[in-house]
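Below is one structure, written out as structure tokens, with a few remarks after it.
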Amino acid sequence: MSTAMNFSTKSFTPRPPDKGAFPLDHFGECSAFKERFMECLRHSGYESAACRQRAMAYLECRMDRRVQLMANEPLEKLGFKDLLNEKSEEKPEK
């Protein structure tokens, strides 16, 4: 019996995650948005649903920055469709 392993039959090619990982904000461009979100979490007992407006603002900040802190992605795809509908309903039609 041979106990040698043959590693050449399978190859693993790493790829970046689809979502959930993005560069650190080294220049602190969105730190004010992050602090408001964290403060909201502390006050709500870490109930993230209560802080969705602030989470959306933080992600918008990251997408709007010039140093590519996050790829542009429609907010509807990030789970904020209901908040966007609320914003459009608040604006009176002319």
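The values are calculated or read from the model by the stated rules, or taken from the named source; none is laboratory data. Bear in mind the structure is a predicted one, so any value in this text is a computation, not a measurement. Note: ideal-geometry Cβ built from the backbone for every residue, glycine included; neighbour counts use all protein chains shown. We work out accessible area using only protein heavy atoms, side chains counted, and drop any ligands, DNA or RNA first. Shrake-Rupley method; radii C 1.70, N 1.55, O 1.52, S 1.80 Å.
Numbers at a glance
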read-out	value
In the range 39-50, the residues that are loosely packed, with under 13 Cβ neighbours inside 10 Å and either assigned to a helix (DSSP H, G or I) or out of contact with any helix residue (DSSP H, G or I) (no Cβ under 6 Å at 6 or more places or on another chain) (or both)	39, 42, 43, 45, 46, 47, 48, 49
Filter result for residue 73 (open to solvent by less than 100 Å² (accessible area, probe 1.4 Å), at pLDDT 85 or above and part of a loop (DSSP other than H, G, I, E, B))	yes
Pair list, Cβ < 9 Å and 6+ apart or interchain, from the range 27-42 residues that are over 15 Å from residue 66 (Cα atoms) and aliphatic (A, V, I, L, M) to residues that are open to solvent by less than 50 Å² (accessible area, probe 1.4 Å) and not in a loop (DSSP other than H, G, I, E, B)	32/61; 38/51; 41/51
Options 25, 18, 64, 82: the member that is open to solvent by 100 Å² or more (accessible area, probe 1.4 Å), acidic (Asp, Glu), within 17 Å of the chain's Cα centre (by Cα) and at pLDDT 70 or above	64
